[in-house]
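To start, the structure under review is shown below, and the notes come after it.
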Amino acid sequence: MAQSDSNQWRIYNKGFYLPVKLGAETDLAIDLQNQLSSGDHLVTPTFTSTSTDITIGKQAVRFDALQGFTAPHQAQCTVQSNTLGTYPIKLIVTTNQGFSIVKHFDVRVER
């Protein structure tokens with residue numbers, strides 16, 4: 001699951017994307033709980049893009065205490081762009097047991 005202003009994925013002709021507003025700094029969180037083994041948790045996220053038209057800011061891991069989690073299971077970052085378009089994002093996050101999880105998704109900057 002990912003979170004943005006709309007709190008949901010959207011679909012377009014190339015696949016799924018997360019909508020963000022033009023010029024706004026937006027928090028995104030990718031929930032990877034279903035991909036973690038027992039006792040495993042996220043340690044270090046690295047979000048990157050091949051595009052120079054989108055800025056990836058703060059990066060962290062977090063857990064949702066309101067849902068009863070006690071170990072990091074979400075990779076989070078901020079994104080911002082002043083250019084309309086769809087941009088590829090790659091997430092590589094390591095776990096405490098030395099595994100890497102790789103996710104590819106798109107961010108679409110809209111008015």
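The values are calculated or read from the model by the stated rules, or taken from the named source; none is laboratory data. Small disclaimer: the values here were computed from a predicted structure and weren't measured. Positions of Cβ are backbone-derived with ideal geometry, glycine not excepted, and every protein chain shown enters the neighbour counts.
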>> If I go through region 25-60 residue by residue, how many of them are of a type outside the set (A, V, I, L, M, F, W, C), within 13 Å of T94 (Cβ to Cβ) and in a loop (DSSP other than H, G, I, E, B)?
In response: 2
> Can you tell me which of D40, D53 is of a type in the set (D, E, K, R) and more than 17 Å from V107 (Cβ to Cβ)?
Replying inline: D40
> Which of the residues spanning region 61-111 are without any contact (Cβ under 8 Å) to a residue 24 or more places away in the chain and assigned to a strand (DSSP E or B)?
Replying inline: S100, V102, H104
> Considering only region 1-28, how many residues are on the phi < 0 side of the Ramachandran plot, at pLDDT 90 or above and out of contact with any Cys (no Cβ under 8 Å at 6 or more places or on another chain)?
Replying inline: 8
>> Here's a check for you: in region 81-111, which residue that is of a type in the set (F, W, Y) and closer than 13 Å to T48 by Cβ is nearest to the chain's Cα centre (by Cα)?
In response: F105
> Which of the residues spanning region 82-99 are crowded, with 17+ Cβ neighbours inside 10 Å, more than 19 Å from E25 (Cβ to Cβ) and among the aliphatic types (A, V, I, L, M)?
Replying inline: V93
> From V79, V61, V102, V109, which residue is out of contact with any Lys or Arg (no Cβ under 6 Å at 6 or more places or on another chain) and exposed (fewer than 14 other Cβ atoms within 10 Å of the Cβ)?
Replying inline: V102
>> S51 - would you say it is polar (S, T, N, Q) and within 17 Å of the chain's Cα centre (by Cα)?
In response: yes
